[in-house]
1. Rg and Dmax of the range 57-255 over Cα atoms: what are they, in angstrom?
2. Ordered by packing density, taken as the mean number of other Cβ atoms within 10 Å over each peptide's residues, highest first, how do 177-184, 155-162, 55-62 rank?
3. If you plug each phi of the range 61-74 into the Karplus form 6.51 cos²θ - 1.76 cosθ + 1.60 with θ = phi - 60°, what whole-Hz ³J(HN,Hα) values come out, in order, with x for Gly and Pro?
4. Using only the Cα atoms of the range 86-180, what are the Rg and Dmax in Å?
5. Calculate one ³J(HN,Hα) per residue across the range 169-185 by plugging θ = phi - 60° into the Karplus curve 6.51 cos²θ - 1.76 cosθ + 1.60, and present them in order as whole Hz with x for glycine and proline.
6. For the range 129-146, just list the computed ³J(HN,Hα) in residue order, Karplus coefficients 6.51, -1.76 and 1.60, θ = phi - 60°, integers in Hz, with x standing in for Gly and Pro.
Amino acid sequence: MAHAALPGIGPVHPERRTVPVARDHTGMTKNADRKAAADGRWQGAVRDSRIVLATVTTGVVNAVTFLFLGKVFSSVITGNLVLLGVSVTTHSSSEALHSGVGLAAYAAGVAGGAPLAARGNDHGTTWPRSITATLAAELCVLAAFCVGWELSDGRPRGAAQLVLLVLLAGAMGMQSAAIRRLGQMSSTYLTSTLTGVVAALTTGTRPDAIGRSLGALAAMFAGALAGGLLATKAYAWLPVMILLPLGLVIAGSVAWARNGERHRRG
């Protein structure tokens, strides 16, 4: 169709209007949600692996306290309460002393570790920095135990035995307070963990974080086995088994935090 022409102007074209193209952001939102979900699962898996690794140290430590520090536990407080009660009926002053000291030291460790673990404003993160700080403090306490263990040639007696028990039970209290900051999780007492796994198997349900639960149970057993063997057969190497798992947790947490900071800045 020809358009009319005005003198000196040329043909007149009808006004051309630009029609805005609607953009569908649904696909972009779904991709972002999937990425966020994948990141959350990955961070949860990393967190769970740290908890399992810390549980290895727990197994080693409990084996040592039971075998060489008075037949008590450093983190299984239910067992120590039973031993304390039994000591009254058997009139065993040694059993009462060691179980009582273990209970008191564990409580002191929790009292010292809980405020440290609660610090900071990164409460919404998968692994707050305050947890790493608390575990680092625990590592220092465990290092002090290792010095005393070596000085006693792996066979502490008398007051030295009680001092080493205080250090180990206090360290386990600190670790319990740190991991508790993450929610209903534990690397030092696993009664509820085992209960959840067995209940799920018998009722046909799938418990939350079944991998972490099974890993922690296996880690406790493996740690106790390794701790018992080293303490009885090669006591000089026991500090390696106590410090290495927790040291790896701390080093990995620090490296992860620094890497996250670089990504945010970049």
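No lab work stands behind these numbers, since they all come straight from the coordinates. Just so it is clear, the structure is predicted and the values come from calculations on it, not from any experiment. Every residue, glycine among them, receives a Cβ derived from its backbone with ideal geometry; neighbour counts consider all protein chains shown.
1. Rg then Dmax for the range 57-255, in Å: 17.0, 52.
2. Numbers: 177-184: 18.6, 155-162: 13.5, 55-62: 28.6.
Ranking the peptides 177-184, 155-162, 55-62 by packing returns 55-62, 177-184, 155-162.
3. 5, 5, 5, 5, 5, 6, 7, 10, 10, x, 6, 10, 10, 9
4. Rg then Dmax for the range 86-180, in Å: 15.8, 50.
5. In residue order, the calculated couplings are 5, x, 4, 5, x, 5, 5, 4, 5, 5, 5, 5, 4, 7, x, 7, 9 Hz.
6. Couplings: 5, 5, 5, 4, 5, 5, 5, 5, 5, 4, 4, 5, 5, 5, 5, 5, 4, 4 Hz.
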